[in-house]
Amino acid sequence: MVDLKKLQEKTKKFVDERDWRKFQTVKELAANASVEANELLELFLWQDGEELDKKILGGKDKELINKIKNETADVFFSCLAIADQAGFDLGDAFLSKLGELDTRYDKKKVKGDPTKIPSQN
Ligand SMILES: [Mg+2]
């Protein structure tokens, strides 16, 4: 298993070795995260979700799965870069958010109800 703190440190090193920090702001990194999330979404545009799952689940469409991996990693890189630039630990932030969602969406009340799936906002 990969240590999230190490990934955040690698992201910092990657940025600093290229001297890109001077071009970065949290706002620009957030915009980049949004662009990358939309590149991920574009892979599925105008396609039926259930048909896509048939291609994806079980590793049937390796080319599509590789594109999904690539764009998901781009989103993740942006999230790590935001955390680095803003000076917080992404793992801690995630665990805090998960705890908040666990409280907000009591599993006894929302189990099996798709209208209760959080949008994470
Ligand atoms: Mg991308």
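The values are calculated or read from the model by the stated rules, or taken from the named source; none is laboratory data. Computed from a prediction, not measured in an experiment: that's the story for all the values here. Backbone-built Cβ (ideal geometry, glycine too); neighbour counts: all protein chains shown.
Here are some notes:
- Across region 1-20, the number of residues qualifying as among the basic types (Lys, Arg) and over 16 Å from PHE88 (Cα atoms) comes to 1.
- Hits in region 66-84 (condition: over 11 Å from the mean Cα position of the chain (by Cα), within 20 Å of ASP19 (Cβ to Cβ) and not hydrophobic (A, V, I, L, M, F, W, C)): ASP84
- Search result, residues across region 62-109 that are at pLDDT below 95 and surrounded by 14 or more Cβ atoms within 10 Å (Cβ to Cβ): TYR105
- The requirement of being within 16 Å of the ligand (Cβ to nearest atom) and either at pLDDT 95 or above or part of a helix (DSSP H, G or I) (or both) is fulfilled nowhere in region 48-58; no residue meets it.
- For region 8-47, filtered to residues that are under 18 Å from the mean Cα position of the chain (by Cα) and not in a helix (DSSP H, G or I), the residue that is nearest to the ligand (Cβ to nearest atom) is LEU43.
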